[in-house]
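This is the structure, below, for whatever I ask next.
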Amino acid sequence: MDRRRFLTTTAAVAALRTNLGAADSDPVLVKATQAVRDAIPTAEADPERPIFHFHPPANWTNDPNGTLYYRGWHHLFYQLNPFAARIGSQHWGHARSRDLVNWEHLPIAIWPSAEHQERAIYSGGAAIAADGRPRIFYTSIGHPQPEQWLAIPKDEDLFVWEKYSGNPVLAQAAHISGPIAQWRDPFLFQKDGTTYMVCGGAASAGRAQVQLYRATKPDLTEWKHLGAIFQALDRDVRNFECPNLFPLGGKWVMIVSPNRVCEYWIGDLDISGMRFSPSAHGVLDAGDAYASNISVDDKGRTLLWLWGRTNTPPAKGWGSVITMPRILAIGPDGYLQQRPAPEFETLRGAMQVFPATGLERTFVADGVATDCAEIEAEFSGNGMFGLELRRRADGKPGIVVSVQGGYVNVGTARAFVGNADRYRMRVFLDKRCIEVFVNDGATAVYNWFDAGPKDLGVAAFGQAPAVPSGGTGGPPVRLESLKIWPMNGARFSLEHFHA
């Protein structure tokens, strides 16, 4: 860099820091940022850390928060513990991406304000206000009851956020039928030009509900409680976390995280009548993913974001990832389809193609040794069949992906996919985590697993069904096609990660 460019850049950075104001010198932010930086060498030294799933620079993440597309950037906020690779000390981390694959880590967006008795920043969502600028909403913890708070950006890059001086924008006193238990996780959407919010929780009787609120001011600083728009049909479900309510394909979709696998309903929304009428219900992801959030990009695509658990020992310096963003649609059968964002194809290396073959014996993909790959396989026939991944030299797999009787199994997770003549799998293997999409996204499953650093083999297997004496078992199991692309790592920039 020549002297003129150096001076220009230095002046610009100095001006930016001056304009952003006092947040740069907040000792709480400085301490949190430094704690993350201190953990980076340990996290990066772990050979099992995923390389194309989003993760913080180091330490812990869980729920995706405030996902939105703004001025050419996908923005992802997320639950962050800056101080350890385990859940706790909730802050909101922040990153942005042009392409959903490569990310710039940005300054920590919001953190507990001790002067306002906050001890944790729980999950929430984002919306664009009438002035065309984003707002983020979150559940503030530390008061006698949870409260919903608002933060406003101080710059057009959204690097620095300021909590609204009139917080809370919603408190328990707003509820028309009394307090809501475990009340948290605001999510925002628009309908007919009006901004609405849903929050999770439970009624006083203990049944999980989704509460609905309407913004009464265009700057989203005041809200009116309308009542419960949805209630658990299962009496054993005591609480809904991270509710999402959004339009898709001429219908409305409700997703909830009920302290087990996430579930969804597709139906019709009548706000004036306070009715959400579902016509389809399913499991969002039967694996170890949780706490959904939604954004819509400039292409009109509805994107699903999830927390992907990894069960990583805290001593490794990192814990959990965000799943690959998934493009949602409603399939011909009326249920959700989830497809991986095609932008991840930019990470593919040279493709290896293997010929079709019968599976009377296990087919080992010769010359393949990988812990990070995209795999596309198509199978036909009756029985059980699938892929063995991260195989040891003695043939024992780290994880098995299989189909049998209309169900797909990804490790210990089991999901319904339906009966078909052929099954097409798209598998994304990323060190110790895996995502599997079957039959054009009819089913999507995320999971984690353990494997040794030298366990890198790939094989396809098949097993004919048991048939009664004299019966027939149908066509034999075949591997119709197998393609494998080694995957390169995504880029994660630390240029803007500062206090």
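The values are calculated or read from the model by the stated rules, or taken from the named source; none is laboratory data. These figures come from a predicted structure and were not determined experimentally. Neighbour counts are summed over all protein chains in view; Cβ atoms, including those assigned to glycine, are modelled from backbone coordinates with ideal geometry.
Restrict the check to region 327-339 and report whether at least one residue is at pLDDT 95 or above, outside the structural domain of GLY282 (by TED's automatic domain parsing), touching a strand residue (DSSP E or B) at 6+ places or on another chain (Cβ under 8 Å) and at positive phi.
No, that holds for no residue.
Regarding THR67, is this residue assigned by TED's automatic domain parsing to the domain that holds GLY93 and crowded, with 21+ Cβ neighbours inside 10 Å?
yes
Additional query: Considering only region 314-341, state which residues are in contact with a helix residue (DSSP H, G or I) (Cβ under 9 Å, 6 or more places away or on another chain) and aliphatic (A, V, I, L, M).
ALA315, MET324, ILE327
While we're here: Out of SER123, SER140, I need the residue that is assigned to a strand (DSSP E or B), without any contact (Cβ under 8 Å) to a residue 40 or more places away in the chain, crowded, with 24+ Cβ neighbours inside 10 Å and in contact with a Pro (Cβ under 9 Å, 6 or more places away or on another chain). Which one?
It is SER140.
Conditions (1) aliphatic (A, V, I, L, M); (2) touching a strand residue (DSSP E or B) at 6+ places or on another chain (Cβ under 7 Å); (3) free of Cβ contacts under 8 Å to residues at least 24 places away in the same chain, marked per residue:
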residue	(1), (2), (3)
VAL256	yes, yes, no
GLU263	no, yes, yes
SER272	no, no, yes
SER279	no, yes, no
VAL283	yes, yes, no
ASP288	no, yes, no
ASP297	no, yes, no
THR302	no, yes, no
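Answer with yes or no whether ASP99 is among the charged types (D, E, K, R) and either modelled with pLDDT under 95 or closer than 14 Å to LEU158 by Cα (or both).
Taking the combined requirement at face value, the residue does not satisfy it.
Scan region 432-454 residue by residue and report those that are in contact with a strand residue (DSSP E or B) (Cβ under 6 Å, 6 or more places away or on another chain), of a type outside the set (A, V, I, L, M) and under 22 Å from SER320 (Cβ atoms).
ARG432, CYS433, GLU435, PHE437, TYR446, ASN447, TRP448, PHE449
Could we say that THR61 is within 17 Å of the chain's Cα centre (by Cα), at pLDDT 95 or above and not in a loop (DSSP other than H, G, I, E, B) here? If you could, list the steps in order and put the result at the bottom.
On the way: within 17 Å of the chain's Cα centre (by Cα): yes; at pLDDT 95 or above: yes; not in a loop (DSSP other than H, G, I, E, B): yes.
Here the answer is yes, as THR61 does meet what is asked.
Quick one: would you say GLU147 is acidic (Asp, Glu) and without any contact (Cβ under 8 Å) to a residue 60 or more places away in the chain?
Taking the combined requirement at face value, the residue satisfies it.
Within region 163-172, does at least one residue satisfy the condition of being closer than 28 Å to GLU104 by Cα, touching a strand residue (DSSP E or B) at 6+ places or on another chain (Cβ under 9 Å), at pLDDT 95 or above and in the same structural domain as GLU104 (by TED's automatic domain parsing)?
yes
Would you confirm whether any residue within region 229-246 is among the aromatic types (Phe, Trp, Tyr), farther than 26 Å from ARG133 by Cα and crowded, with 21+ Cβ neighbours inside 10 Å?
Going through region 229-246, the residues among the aromatic types (Phe, Trp, Tyr) turn out to be 230, 240, 246.
Filter once more, keeping what is farther than 26 Å from ARG133 by Cα: 230, 240.
Keeping just the survivors that are crowded, with 21+ Cβ neighbours inside 10 Å gives 230, 240.
Within region 229-246 (the criterion being among the aromatic types (Phe, Trp, Tyr), farther than 26 Å from ARG133 by Cα and crowded, with 21+ Cβ neighbours inside 10 Å), the answer is yes, since at least one residue qualifies.
Looking at region 286-309, which of its residues are part of a loop (DSSP other than H, G, I, E, B) and either within 12 Å of the chain's Cα centre (by Cα) or surrounded by fewer than 22 Cβ atoms within 10 Å (Cβ to Cβ) (or both)?
ASP288, ASP297, ASP298, LYS299, GLY300, ARG301, ARG309
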